[in-house]
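What follows is a set of notes on a single structure, which appears directly below.
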Amino acid sequence: MALDKPYLDIPGTTIFDTEQSRKGYHLNQFCMSLMKAENRERFKANERAYLDEWPMTEEQKQAVLARDLNWCIRTGGNIYFLAKIGATDGKSFQQMAGSMTGMSEEEYREMMIKGGRSPEGNRYLGEDGDAQPHRQPQGNS
Amino acid sequence: MAYISASVYTSHVPAIGAALDQGKAEEPYWQPLFAGYKFSKQWMQEAKPDVIILVYNDHATAFSLQMIPTFAIGTAAEFQPADEGWGPRPVPIVQGHPELASHIAQSLILQDFDLTIVNEMDVDHGLTVPLSLMCGQPKTWPCPVIPFAVNVVQYPVPRGQRCFQLGQAIRRALDEYDEDLNVQIWGTGGMTHQLQGPRAGLINRQWDSQFLDKLINDPEAAAVIPHIEYVREAGSEGIELVMWLIARGAMSDVAGEAKPKVRHRFYHVPASNTAVGHLILENSR
């Protein structure tokens, strides 16, 4: 009998469970390697060559090269690990979080100052909140 | 005997540490947040704890996916602030309390909480931001700190009920300690926030307020909140709030004594992507 995963019906959300963690192991460990300054330098000098040192899938490598964090997460990435790529690029956590919504940095920051994203319509897939799949990407940019 | 004099609850947003370290605390964006901790800093100076048990989570800093301990206690003499990719925070080295930490480890394992014991570890913003919020920017932290790390990165995180029971077990462990020590326990992380996906930026003010009420007045009810409610209502990273239940479980009323006194309550949106919540509860003694 399969494990109950009641969190699969939340829009715009991927829970980093043991299955995602298994899929993303090498992707996340690659991210972890960017904690070291010399690795950040090597990665920046030749991203593709550095990625090829890791037993990641081609799709994971493409997702990293594209800096598409939603794509990285679909292939098993976790935001706390992916944040190391952002740090290497000189991005703040807010810039990274905002990048996954489609909003511009300014639009996302403004949403947070106004009290953040409402949970209304964003609790279950099939409602009509701004995080629902049929309303992506968000923002005007 | 060592005893819990008070519990402190606070968010540990990394941007708060960066704002302090870069001298931005008086900027209009940050000023209302730090104003909410003014009382707390003064209270800390009067409370003078001998040791702080600081419940926090590591954010892919000391623990990668190579090993994922659910509950880990730091038993070292000192812990260096970690380089999380932006360079280490310019804050004091964290002095540990190896004697009390190893006592707690032994007691908890015999109470069926199978802890991971960590003798070498750097500590990230999860631990140092709460210290900065409560103590400001001193040359040394006011007392030794026992880091108590909880996995809230990989799902499933420990259940709220288990965390609440763990707090109760920590209290019993302190009862068995010979030296007379004034101990505070801090629960950190939260409140509502989501850092990933198209739903990033979720804030649920009403849920947060209800959680704070429950934590104060009916912690047993807060302890049975299921994971799915945290994720759906408080955001995928809001589930960090289970760590607050460890601190709450260690308070005297849970063991049948008097209700704690609420010394301070504060709530503010936003700090970067997150709703910031803060409570100070004091045991009567």
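Using r as the Cβ-Cβ distance of B:Gln161 and A:Arg48, and R0 as 45 Å, what FRET efficiency do you calculate, to the nearest 0.05? Present the calculation step by step, with values, prior to reporting the outcome.
On the way: r = 48 Å, r/R0 = 1.06.
Using R0 = 45 Å, I get an efficiency of 0.40.
For the pair segment A:1-65 / segment B:173-207, the C-alpha centres are spaced 27 Å from each other. Under the shape rule built on the C-alpha gyration tensor, where the axes satisfy a ≥ b ≥ c, segment B:1-136 is oblate, since a/c reaches at least 1.5 while a/b does not exceed b/c. Above 31 Å, the calculated P(r) of the protein assembly as shown contains 36 percent of its Cα-Cα pairs.
Ranked by the mean number of other Cβ atoms within 10 Å of their residues, highest first, the peptides B:149-157, A:8-16, A:107-115 come out as B:149-157, A:8-16, A:107-115.
Pick from A:Lys23, A:Lys44, A:Lys36 the residue whose mean-square fluctuation is largest in a GNM of chain A, springs joining Cα atoms under 10 Å. Ranking A:Lys23, A:Lys44, A:Lys36 by mean-square fluctuation puts A:Lys36 first. Listed by chain and number, the aspartates and glutamates placed with their C-alpha closer than 18 angstrom to that of B:Lys48 are B:Glu179, B:Asp180, B:Glu282; residues fewer than eight positions away on the same chain are left out.
Taking every residue in B:201-211 and counting other chain Cβ atoms within 10 Å of its Cβ, the average works out to 4.
Between segment B:86-135 and segment A:82-141, how far is it from one alpha carbon centroid to the other, in angstrom? Value for the Cα centre distance between the two parts: 33 Å. Across segment B:22-27, rounded Karplus estimates of 3J(HN,Hα) from the backbone phi angles (6.51 cos²θ - 1.76 cosθ + 1.60, θ = phi - 60°) give 9, x, 9, 4, 8, 5 Hz, Gly and Pro being marked x. Using a Gaussian network model of chain B in which every pair of alpha carbons under 10 angstrom is joined by a spring, one finds that among B:Gln80, B:Gln42, B:Gln106 the greatest mean-square fluctuation is at B:Gln42. Under 5 Å between amide hydrogens, built in the peptide plane, is the criterion, and for B:Glu78 it picks out B:Gly96 among residues at least 5 positions away or on other chains. Among the listed pairs B:Lys38/B:Lys139; A:Lys84/B:Lys214; B:Lys24/B:Lys214; A:Lys84/B:Lys38, which have their C-alpha atoms separated by more than 24 angstrom in this model? Distance filter (> 24 Å) returns A:Lys84/B:Lys214; B:Lys24/B:Lys214; A:Lys84/B:Lys38. Phi angles of segment A:56-61 translate, via the Karplus equation with coefficients 6.51, -1.76, 1.60 and θ = phi - 60°, into HN-Hα couplings of 8, 6, 4, 4, 4, 5 Hz per residue; Gly and Pro are given as x. Annotation: amide H-H contacts under 5 Å for B:Gly190 (H modelled 1.01 Å from N, sequence separation of 5 or more, or interchain): B:His12, B:Glu240, B:Leu241. The mean number of Cβ atoms from other chains found within 10 Å of a Cβ in peptide A:110-121 is 6, as a whole number.
Pairwise Cα separations in chain A fall into 5 Å bins from 0 onward with the following percentages, short to long: 2, 9, 17, 20, 19, 15, 11, 6, 2, 0.
Using R0 = 45 Å, the C-beta based FRET efficiency linking B:Gln80 and A:Asp4 works out to 0.65.
Just tell me how shielded A:19-25 is by partners: mean number of partner chain Cβ atoms within 10 Å of each residue's Cβ, no decimals.
Numbers: counts 1, 2, 5, 1, 0, 1, 3.
Neighbouring Cβ atoms belonging to other protein chains average 2 per residue here.
Ellipticity at 222 nm from helices only: DSSP H runs of n ≥ 4 in the protein assembly as shown, each -39500 (n - 2.57), divided by the residue count, give -10500 deg cm²/dmol. Please state, as a whole number in µm²/s, the translational diffusion coefficient that the Stokes-Einstein equation yields for chain B at 20 °C and 1.002 mPa s, with Rh defined as the Kirkwood radius across alpha carbon pairs. In µm²/s, the coefficient rounds to 115.
In order along segment B:12-17, the Karplus-derived 3J(HN,Hα) couplings, from 6.51 cos²θ - 1.76 cosθ + 1.60 at θ = phi - 60°, round to 9, 3, x, 4, 5, x Hz, and Gly and Pro are given as x.
Every number here is computed from the coordinates shown, using simple stated rules; none is lab data. Everything quoted here is computed from the prediction, not taken from an experiment. We place every Cβ from the backbone using ideal geometry, glycine too, and count neighbours over all the protein chains shown.
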